[in-house]
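Please read the structure below before turning to the comments.
Values quoted throughout were computed directly from the atomic coordinates according to the rules given, and no laboratory measurement underlies them. Quick caveat, the model's predicted, so the values are computed rather than measured. Neighbour counts are summed over all protein chains in view; Cβ atoms, including those assigned to glycine, are modelled from backbone coordinates with ideal geometry.
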Amino acid sequence: MTLDEILQSLFPDGHDIARTDGLLSGSATMKGGAVAAVIGVEGRAPLGVDGALKLGGHVLDALERGGDAPVIVLVDSDSQRMSKRDELLGLNEFLAHLAKGLILADLRGRPTVGILYGHTAAGAFIATALATRVLVGLPGAEPEVMDLPSMARVTKLSVEVLTEKARSTPVFAPGLDNLARTGGVLETWDPSKPLADQLAAVLGRADTRDRRDALGKERGGRPKAADIAERVRELATRAG
Amino acid sequence: MSDLTPGGTSESGRGGVSWYEASARQRVRLLLDAGSFTEFVGPEQRETSPHLQVFDLPEQFDDGMVVGAGTLGGGAVLVAAQEGRFMGGAFGEVHGAKLTGLLRAARDLTSTPVLILFDTGGVRLQEANAGELAIAEIMRAVVEARHAGVTVLGLVGGRSGCFGGGGLIAGCCSALAVSEQGRIGVSGPEVIETNRGVEEFDSKDRPLVWRTTGGKHRRLIGGADAFADDTVDAFRACALDLLRTTGPLTLDTLRNEQARLRERLDRFGACADARDVWAKRGVDDAGAVPGLPADDFIALAGRVAEPSHDAR
């Protein structure tokens, strides 16, 4: 689906979303009349210091206005912008700022929903879609942790070896299904049905606790994370 | 202990043990009050990574993460330490889940501070999806804990620095203490070079790498709240000090951070090099900063770096 088709299907009652430099920010009318805040990245744009601050500011503005309408995060991005300037200026703080705003929104009763409709990777992924309460995918979405050439540089394995491993190892390999197995993606939506209904259904299944590790255990992609976290939580709670 | 660099001595017995050279366990043991540390799900439980075998890589019984409880200056704390010498301190499934569990306990307890001793290159790429999710869960848990009133401090001074998703987690902490060796960033120099070419960032130009991502730059630009000499004692003093000064995460905190980062972009967004940033910051001899001893640098930073309390 194109972004226009997605927006039309998600918000048939209208939206007012600015699209500049690969960034989305604005608002949209939900079923029932509530006005959701919308941010996002389109056209596989990289997310750097300037973009992260702009999106973060939009989230905080929405929080300041109050209410309990959702915050929707639409993502088709590159990775974080890889440049000397971004690192010099402290990109980690800018991306964390955006993520903190989204997580705080959820904690303050503004459900956050990430919709992954294209590509995303690495820090841009963590700061946007993975900072939401619920992340859903559309068919064809392509999340990845890092591109294979960079992985090859870091792991000192050849691109050929990594490509081979990617075919056989879900926990390592890019792609929506592999990420879903770890619990990172709740569900994949059906583009032939109205997205507004599917959004409403997801919002109705309110679970404010982070259950992604439990989901990853259920689906077999992360066999140990949920149990280890719970064991440590219990021990630390007793000790504290 | 044979690999430690003995520096000066002090009454605490920690002496001038180098933070950079110490292992994760040594850092924790020497940072906290003597004999106070209890580890949770320690190496005797042999909770190794379920994924490294696929790559024929060695496992470690603690998966490179030490978590537990102890006291600091008499007050209860929860503590987590990454072992930078195992897989570059990278976040894998088990490694990350220990920290997630610790932070969730802190959230539930609402008052016990958490110290995170970062030493990481980011996501462990051999279990990339699990590591990426672990980072996301940790960030969520940090914000939940801080929102509940918990102080979460990050200490950065290990050999792997604090990169990738580790840099984003650091950016979620209440406050950071950093040493000169404590490099903080998202994209490591090698990754930028691989993607954008050596003209964009020459990863072999060590002075460039250090002044762009190193602890002194982070302190001067406001990315860290305190600068520590490379000793366990110095990090302990910073941690005790920062615990007294931080408050909960609120909408106002993030509003203040928005303004702080906006001002940074406006003032320094056109700078081509860290030395230009430092000069604009008011440092008279920017070229001398990398060579300044810790005491002199701390005095300088105290004069020119902006306070960032309740803006992080």
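Each listed q (0.07, 0.08, 0.11 Å⁻¹) maps to a log10 I(q)/I(0) for the protein assembly as shown from the Debye sum over equal C-alpha point scatterers, namely -0.35, -0.47, -0.92.
For the protein assembly as shown, what proportion of DSSP beta bridges, expressed in % and rounded to the nearest 5, is antiparallel? Mind dumping the intermediate values first?
Working: 24 of 64 bridges.
Rounded to the nearest five, the antiparallel share is 40 percent.
So what's the back-of-envelope 222 nm ellipticity for the protein assembly as shown, counting only DSSP H runs of four-plus at -39500 (n - 2.57) apiece and dividing by all residues, rounded to 500?
On the way: 22 runs with 232 residues, N = 552.
Computed ellipticity for the protein assembly as shown at 222 nm equals -12500 deg cm²/dmol.
Given their separation in residues at 0.36 nm each and the Cα-Cα distance between them, B:Q53 and B:R159 gain 35.6 nm when the chain is fully extended.
Within the stretch B:68-94, what residues put their amide N at less than 18 Å from the label point 7 Å along the Cα-to-Cβ vector of B:E190? Residues passing the 18 Å test: B:83-92.
Please work out how much length the chain gains when fully extended from B:F61 to B:V304, using 0.36 nm per residue of separation minus the C-alpha to C-alpha distance, in nm with one decimal.
Numbers: separation 243, 0.36 × 243 = 87.48 nm, distance 4.48 nm.
Full-extension gain reported as 83.0 nm.
Take the convex hull of the alpha carbons in the stretch A:161-240; its mean projected area over all directions comes to 7.7 nm².
Summary of packing: across the peptides A:21-28, B:214-221, the per-residue average of other C-beta atoms within 10 Å ranks them, highest first, as B:214-221, A:21-28. Gain on full extension, evaluated as 0.36 nm per residue between B:A76 and B:S111 minus their Cα-Cα distance, stands at 11.7 nm.
Relative to the Cα centre, what is the charge dipole magnitude of the protein assembly as shown, using +1 at the beta carbon of each Lys and Arg, -1 at the beta carbon of each Asp and Glu, and rounding to the nearest 20 debye?
Numbers: 62 positive and 75 negative charges, 148 e Å.
Once rounded to the nearest 20, the dipole reads 700 debye.
Mean-square fluctuations from a GNM of chain A, with a 10 angstrom spring cutoff on Cα atoms, peak among A:F125, A:F94, A:F172 at A:F172. Taking the Cα centre of chain B as reference, the dipole from Cβ charges on Lys and Arg (+1) and Asp and Glu (-1) amounts to some 660 debye.
Only one residue of B:W278, B:G68, B:P207 has its Cα farthest out toward the positive end of the dipole of chain B, where Lys and Arg carry +1 and Asp and Glu -1 on Cβ, and that residue is B:W278.
Based on a Kirkwood Rh over C-alpha pairs, give the Stokes-Einstein translational diffusion coefficient of the stretch B:104-237 at 37 °C and viscosity 0.692 mPa s in µm²/s. Each step should come with its number before you reach the end.
Working: Rh = 15.4 Å.
Translational D for this selection: 213 µm²/s.
GNM on chain A, alpha-carbon springs under 10 angstrom: the most fluctuating residue among A:K193, A:K217, A:K54 is A:K193. Which shape class applies to the stretch A:1-83: rounded if a/c is under 1.5, otherwise prolate when a/b exceeds b/c and oblate if not, where a ≥ b ≥ c are the square roots of the Cα gyration tensor eigenvalues? Oblate shape, in that a/c is at least 1.5 and b/c is the bigger or equal ratio. For chain A, the gyration tensor built on C-alpha atoms gives a rounded shape. Its axis ratio a/c (a ≥ b ≥ c) stays under 1.5. When chain A is treated as a Gaussian network with alpha carbon springs shorter than 10 Å, the biggest mean-square fluctuation among A:R19, A:R167, A:R81 belongs to A:R167.
Taking amide H positions as modeled 1.01 Å from N, with prolines and chain starts lacking one, the residues under 5 Å from A:A45 and 5 or more places away or on another chain are A:D78.
Classify chain B: rounded, prolate or oblate, from the alpha-carbon gyration tensor (a ≥ b ≥ c, eigenvalue square roots; a/c under 1.5 rounded; otherwise prolate if a/b is larger than b/c)? Could the numbers behind the result be given before it?
Working: a/c = 1.36, a/b = 1.23, b/c = 1.10.
Rounded, because the longest to shortest axis ratio a/c is under 1.5.
With the simple spin-label model, which puts each label point 7 Å out from Cα in the Cβ direction, the B:A34 to B:T250 separation comes to 4.2 nm.
When the Cα positions of B:L99, B:A128, B:H147 are compared along the charge dipole of the stretch B:24-250, B:H147 comes out farthest toward the positive end, with charges on each C-beta of Lys, Arg, Asp and Glu. Rounded to the nearest 20 debye, the dipole size of the stretch B:227-312 about its Cα centre is 400 debye, using +1 on the Cβ of Lys and Arg and -1 on the Cβ of Asp and Glu.
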